[in-house]
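The values are calculated or read from the model by the stated rules, or taken from the named source; none is laboratory data. All of these numbers come straight from a predicted model, not from anything done at the bench. Cβ: placed from backbone, ideal geometry, glycine included. Neighbour counts: every protein chain shown.
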């Protein structure tokens, strides 16, 4: 029998190092957010099923605002549907702090409210439970 994990929320935070900037203005590519979604989805699978699981698909991805080197990101995953072996998850990347090199070499600020940078919905699968 599958336990319903709908509503489970897992949140990660990470600093975006300058070595990940690929574009002018210290922009980071969209794949950075997708990799972060994979990491937080792995924790969701571990918490729900005791297995790292596998990412199966995205049904929607929206890049809403830039992610830059020097940002501190909050990455959230929320289980919105629990199937027999699948878990549908809503993801969100929020910029909670941003570097402000225009004010000084190491200056930064807290963004209140945070800036929503990326949203997505994805599906992960876990192996069947041994009978």
List pairs: first in the stretch 45-59 and at negative phi and free of Cβ contacts under 8 Å to residues at least 60 places away in the same chain, second surrounded by 14 or more Cβ atoms within 10 Å (Cβ to Cβ) and part of a helix (DSSP H, G or I), Cβ under 7 Å, 6+ apart or cross-chain?
52/42; 52/45; 52/46
Going through the stretch 102-128 in order, the residues found to be surrounded by fewer than 14 Cβ atoms within 10 Å (Cβ to Cβ), more than 20 Å from the chain's Cα centre (by Cα) and touching a residue at least 12 places away in the same chain (Cβ under 8 Å) are 109, 127, 128
Go through (1) touching a helix residue (DSSP H, G or I) at 6+ places or on another chain (Cβ under 6 Å); (2) modelled with pLDDT of 95 or more; (3) within 15 Å of residue 79 (Cβ to Cβ); (4) assigned to a loop (DSSP other than H, G, I, E, B) and name the single condition residue 5 misses.
(2)
Answer yes or no: is there a residue in the stretch 81-98 that is exposed (fewer than 14 other Cβ atoms within 10 Å of the Cβ) and either farther than 27 Å from residue 5 by Cβ or modelled with pLDDT of 95 or more (or both).
no
Flag for residue 10 being under 26 Å from residue 86 (Cβ atoms), surrounded by 15 or more Cβ atoms within 10 Å (Cβ to Cβ) and free of Cβ contacts under 8 Å to residues at least 60 places away in the same chain
no
Tell me, please, whether a residue that is modelled with pLDDT of 95 or more, part of a helix (DSSP H, G or I), within 15 Å of residue 66 (Cβ to Cβ) and touching a strand residue (DSSP E or B) at 6+ places or on another chain (Cβ under 8 Å) can be found in the stretch 11-28.
no
Taking the stretch 31-70 as the region of interest, how many residues are over 17 Å from residue 20 (Cα atoms), in a helix (DSSP H, G or I) and out of contact with any strand residue (DSSP E or B) (no Cβ under 7 Å at 6 or more places or on another chain)?
3
For the stretch 71-101, give me each residue that is assigned to a strand (DSSP E or B), more than 18 Å from residue 123 (Cβ to Cβ) and without any contact (Cβ under 8 Å) to a residue 40 or more places away in the chain.
94, 95, 97, 98
In the stretch 102-130, what residues are in contact with a strand residue (DSSP E or B) (Cβ under 8 Å, 6 or more places away or on another chain), within 30 Å of residue 48 (Cβ to Cβ) and not in a strand (DSSP E or B)?
126
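Within the stretch 38-47, does at least one residue satisfy the condition of being modelled with pLDDT under 95 and either within 18 Å of residue 119 (Cβ to Cβ) or over 15 Å from the mean Cα position of the chain (by Cα) (or both)?
Going residue by residue through the stretch 38-47, those that are modelled with pLDDT under 95 are none.
There is no residue in the stretch 38-47 that is modelled with pLDDT under 95 and either within 18 Å of residue 119 (Cβ to Cβ) or over 15 Å from the mean Cα position of the chain (by Cα) (or both).
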